[in-house]
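The values are calculated or read from the model by the stated rules, or taken from the named source; none is laboratory data. Since this is a predicted model, take the numbers as computed values, not measurements. Cβ atoms come from the backbone with ideal geometry, glycine included; neighbour counts cover every protein chain shown.
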Amino acid sequence: MVCNNVVSGSTRTMDQEQKREASGGIYTYKHRCSTGVDIHDVFIKKSRLRVVLSYIGIVFLLANVCRPVLAKEHLSLGSAWNITFAVFVAKCLQYKPVKRESVVIMPAFGVQLEIHFWSGRVDRRFVPIGKILKPLINECVTPVTCYWSLALLLRDEEELLLVFQKSRPPVKMLVPVWKALCTLTNSECQSPSRVYKQDSSET
């Protein structure tokens, strides 16, 4: 995959930028401009199954905690084990739904990565433009799945910074963000690479 005809946001009209939208599976990509800031949003649909499982985990925890209390039993080793197991199950089934992930590109300043939750909480991380060496789009292969990821290669950092940390949007949604990041950092757009990840249990 080669990037051709990369055009900076300054040479396009705002109306053209705002019309860029794509959908695929549970993801919807939207691109907009606001007061000179380039914003790429990836919206994630709610998973009804995950919500149901989250409620099941909460009910399971409450049932295990309330049972010895209502039965007026003394807290034995078995009761402590049941409560501990219930907490573990509830934690595993806990659902923290993400509404969208946003990449806010501020020319001459840097990139702000945002994670918006349905609860209203927002996690933000700002990366100065001087710290970004180049954006990378990779195909990641594991023993059980294959997916694409977009990451930032940072100066004086050993590990890559994932742009979309809570989601795995399809490559057609990653490419426009990647091109915009290449334009920001004046990086050459090269063909995406393939990264092979092995199971940690393998030697």
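Assorted remarks:
- If the condition is being in a loop (DSSP other than H, G, I, E, B), of a type outside the set (K, R) and touching a Lys or Arg at 6+ places or on another chain (Cβ under 8 Å), then segment 123-155 contributes only T142.
- Total residues in segment 18-59, condition at pLDDT 85 or above and β-branched (V, I, T): 5
- Verdict on I115 being surrounded by fewer than 18 Cβ atoms within 10 Å (Cβ to Cβ) and among the aliphatic types (A, V, I, L, M): no
- Neighbours by Cβ (under 8 Å, 6+ apart or cross-chain): first from segment 96-117, of a type in the set (F, W, Y); second outside any strand (DSSP E or B): F109/I129; F117/K96; F117/P97
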